[in-house]
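Okay, structure first, notes after.
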Amino acid sequence: MMFKEYLRKDMRLVILRTLSEMPRYTGNSSVLTNLLSEFGHAVSRDQVKTELSWLTEQGLVTIESVGSVLVATLSERGQDVAEGRAVVEGVAKPRAT
């Protein structure tokens, strides 16, 4: 696996895990971009929006456009993936802590 793909899979997992810890399992693309940088992912808002769209296609989140940001809400399936109960190709598997 190429390093770029590894980072993309990890970024998707970080998004899901972050949403799982947010009130109402919801966060916007701007906040998610800032939080991703805290986890070592230097990404643009556009990249985050692209990943949110991909996660939506997989049924892991739902998104709503509000002005210039996307508001993402974790789905039940997304929570299962974030917690390691389900596996989706293209999302890193969480490690045991």
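The values are calculated or read from the model by the stated rules, or taken from the named source; none is laboratory data. Just so it is clear, the model here is predicted, and its values are computed rather than measured. Here Cβ is always computed from backbone atoms with ideal geometry, including for glycine, and neighbour counts include all displayed protein chains.
A few notes on this one:
- Filtering Glu64, Glu89 for residues that are in a loop (DSSP other than H, G, I, E, B), over 14 Å from Val14 (Cβ atoms) and either modelled with pLDDT under 95 or of a type outside the set (Val, Ile, Thr) (or both) leaves a single hit, Glu89.
Residues checked against (1) in a loop (DSSP other than H, G, I, E, B); (2) in contact (Cβ under 8 Å) with a residue 60 or more places away in the chain; (3) crowded, with 19+ Cβ neighbours inside 10 Å; (4) within 13 Å of the chain's Cα centre (by Cα):
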| site | (1), (2), (3), (4) |
| --- | --- |
| Leu13 | no, yes, yes, yes |
| Leu36 | no, no, yes, yes |
| Gln47 | no, no, no, yes |
| Trp54 | no, no, no, yes |
| Arg77 | no, no, no, yes |
| Lys93 | yes, yes, no, yes |
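- For Gln58, the conditions (1) closer than 13 Å to Arg17 by Cβ; (2) surrounded by 16 or more Cβ atoms within 10 Å (Cβ to Cβ) all hold with the exception of (1).
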